[in-house]
Amino acid sequence: MATNVCQFSDSGLPLWVSAVAKNELLDAAEPGQEEQSKQAGEPEDLPSPRKLAEMMVILLKKGSPRILDSVGAVLLSTIQLALQRSEYGVVLGMTRFVCARLLGNDSLALEKLQLTRDSLRENFFEIDRYVRDEVADEDDLRQQLESAKSLIRSVLTDV
């Protein structure tokens, strides 16, 4: 299942969005799958999308909360597009990136991030609608979306 989740070559989304989402899914996958992707990936001395994403997270967390808020909202806006295109792996990967990496367990930081908080709430209800209406009979797809909802619930206590 995980190998199908990570194939974004035909995606209509920007490549960097797909790369961030794919890396998040690979990080969440079993260690054997991540090791296979490293073997087929680029040489160690070249910057990888994973390293760039890690650097972006570090810089955003150290910088202005307003910039973090804006970037969080932009990243979360890609979830709406991914839902419309039935790219549920991107939905899960991008949700994981924002909730686990950018926000983490810092609920105090989220209080200052109005755009991000509103986008998360909006995405939660949109994902919930897709679970009920679009993928009700498809267990794998429903599980991806349920996982995305759980990630949002972990940072938003009022949904």
**Hits in region 58-104 (condition: surrounded by fewer than 21 Cβ atoms within 10 Å (Cβ to Cβ) and in contact with a Gly (Cβ under 9 Å, 6 or more places away or on another chain))** = Leu60, Lys61, Leu81, Arg85
**Request:** Return a yes/no flag: does region 98-112 have any residue that is among the basic types (Lys, Arg) and out of contact with any helix residue (DSSP H, G or I) (no Cβ under 8 Å at 6 or more places or on another chain).
**Result:** no
**Asked** among the aliphatic types (A, V, I, L, M), surrounded by 19 or more Cβ atoms within 10 Å (Cβ to Cβ) and either out of contact with any His (no Cβ under 8 Å at 6 or more places or on another chain) or under 17 Å from Val98 (Cα atoms) (or both), is that true of Leu156?
**Response** no
**Request:** Tell me which residues, restricted to region 105-147, are in contact (Cβ under 8 Å) with a residue 60 or more places away in the chain and buried (at least 19 other Cβ atoms within 10 Å of the Cβ).
**Result:** Gln144
**Request:** Name the single residue, out of those in region 20-53 being surrounded by 15 or more Cβ atoms within 10 Å (Cβ to Cβ), among the small types (Gly, Ala, Ser) and modelled with pLDDT of 50 or more, that is nearest to Leu83 (Cα to Cα).
**Result:** Ala21
**Message:** When you scan region 9-19, do you find a residue that is modelled with pLDDT under 80 and aliphatic (A, V, I, L, M), even just one?
**Reply:** no
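The values are calculated or read from the model by the stated rules, or taken from the named source; none is laboratory data. Since we're looking at a predicted model, the values are computed, not measured. Don't worry about glycine lacking a Cβ; one is built from the backbone with ideal geometry, like all the others, and counts go over all protein chains shown.
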